[in-house]
Amino acid sequence: MTSREAPLPAGAFIAPGYEVVGLLNRNWAYEVYDVWSAERDCRCVAKTVRADRLDDHLVTRLLREGRLLQRMTHPHLVRAYETIKTPVPVVILETLNGPTLAAILDDQPRRMPVSDLALLGLHLCSAMHYLHGRGFLHLDLKPSNVINSGGVAKVLDLSIARPPGRQRPGIGTRGYLAPEQARGGEVTAATDVWGIGITLFEAATGALPFDGYDTDDEHDEEYPGDAHRYPQLEHAPRSVGALRRLPRPFTEAINACLAFDPSARPSVPQLADALDSLLPLEPGEAAHQLRAPDSGPPRKIRGVPPSHLAAEWSDGSAPGEGGSDREEASVA
Ligand SMILES: Nc1ncnc2c1ncn2[C@@H]1O[C@H](COP(=O)(O)OP(=O)(O)OP(=O)(O)O)[C@@H](O)[C@H]1O
Ligand SMILES: [Mg+2]
């Protein structure tokens, strides 16, 4: 037991130079704080391990997340400024102003238009394409790990990111796990394609593709590898088309992402192409065509957002506190 079992109060310093403004999120392992940096003269976000969970495994995982994010520079991935090891491990992130996709889905009765869904999917594809190119998989794509920052999707939370390879069962967030994550096995880029697909499924319908999961499921630490608790290993997901009438290419793209067999899923670029074709053309969009010298026909710049879309999927609400049902990752 330590004096830091309760979250830090406003005014406390979580690390030298970082004063707590408030708690943003607390789950079984981590606390995320809104902090003030006098040096930068701006708000930042500080992610730390809960004091009552301070063990080598979680500390290593947090420090690894911070160092990995510091090396990543991409418009659809959150930026990390600093990774502090002592006295308490803390990762300092840029503050993303905007609601998580989970908060948007909770608060908005109106269903997200298809063009917004396609744009969201393209942003996720873009982030995953980059991350995969740097040798890492995200493995925890879900609405609470995506923030809508002024119409631009930003992916958060690389805490279980790792290179492709074999993984033990149940690592990730229970209701969102690809079958190969649930049963344990080889995780690849196709595992994140599942993650994009399930995130879009929920964004489109407000529901998950399998019964038996609540999208607000609390974290449960007692479920490692318990096969009977994974409907995704028992039966095929329902079609997104069963819950919402959508353009057929969109329905097909999402359903394909949720194929049981990873090799039957589209690649990230194939998925991006399918989603791109669903974006409306803007007047004069031909001016946005790219033509590389010897690459054949002109190519549209993927995901150039029609200007009206930026405001569309923003509702201005703040990221909320929330539980998590994520199982802990092994240290790679
Ligand atoms: N850079 C940021 N800007 C604004 N809010 C953030 C930022 N990073 C995290 N948050 C908020 O904190 C929440 C938790 O952050 P994160 O997902 O990194 O932590 P976690 O403990 O690994 O979460 P979980 O296990 O619930 O997925 C996010 O869902 C979001 O609401
Ligand atoms: Mg998260």
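The values are calculated or read from the model by the stated rules, or taken from the named source; none is laboratory data. All figures in this text were calculated on a predicted structure; none of them were measured in a lab. Quick reminder, even Gly has a Cβ in these numbers, built from the backbone with ideal geometry, and neighbours come from all protein chains shown.
Kindly evaluate Ser159 against the criterion of being within 16 Å of ligand 1 (Cβ to nearest atom), out of contact with any strand residue (DSSP E or B) (no Cβ under 9 Å at 6 or more places or on another chain) and small (Gly, Ala, Ser).
Judged against the criteria, Ser159 is not a match.
Within the bounds of the stretch 117-132, is there any residue that is of a type in the set (A, V, I, L, M, F, W, C), part of a loop (DSSP other than H, G, I, E, B) and surrounded by 20 or more Cβ atoms within 10 Å (Cβ to Cβ)?
Within the stretch 117-132, not a single residue is of a type in the set (A, V, I, L, M, F, W, C), part of a loop (DSSP other than H, G, I, E, B) and surrounded by 20 or more Cβ atoms within 10 Å (Cβ to Cβ).
So how many residues does the stretch 205-223 have that are aromatic (Phe, Trp, Tyr) and modelled with pLDDT under 80?
2
Looking at this structure, is Glu202 in a helix (DSSP H, G or I), modelled with pLDDT of 95 or more, of a type outside the set (A, V, I, L, M, F, W, C) and surrounded by 22 or more Cβ atoms within 10 Å (Cβ to Cβ)?
no
Taking only pairs six or more apart or across chains, which ones have beta-carbon atoms under 9 Å, a first residue in the stretch 22-44 that is among the basic types (Lys, Arg), and a second residue that is within 9 Å of ligand 1 (Cβ to nearest atom) and assigned to a loop (DSSP other than H, G, I, E, B)?
Arg26/Glu321; Arg26/Gly322; Arg26/Gly323; Arg43/Thr95; Arg43/Asn97
Can you name the condition, by its number, that Leu63 falls short on among (1) in contact (Cβ under 8 Å) with a residue 60 or more places away in the chain; (2) surrounded by 16 or more Cβ atoms within 10 Å (Cβ to Cβ); (3) over 26 Å from Thr199 (Cα atoms)?
Unmet condition: (1).
Can you tell me which of (1) closer than 24 Å to Val59 by Cα; (2) without any contact (Cβ under 8 Å) to a residue 60 or more places away in the chain is the one Arg183 doesn't meet?
For Arg183, the failing item is (1).
In the stretch 150-165, what residues are charged (D, E, K, R) and either touching a Phe, Trp or Tyr at 6+ places or on another chain (Cβ under 7 Å) or closer than 14 Å to Thr60 by Cβ (or both)?
Arg162, the sole residue that qualifies.
Specify which of the listed residues (Ser159, Ser144) is over 18 Å from Ile198 (Cα atoms), within 16 Å of ligand 2 (Cβ to nearest atom), surrounded by 22 or more Cβ atoms within 10 Å (Cβ to Cβ) and not aliphatic (A, V, I, L, M).
Ser159
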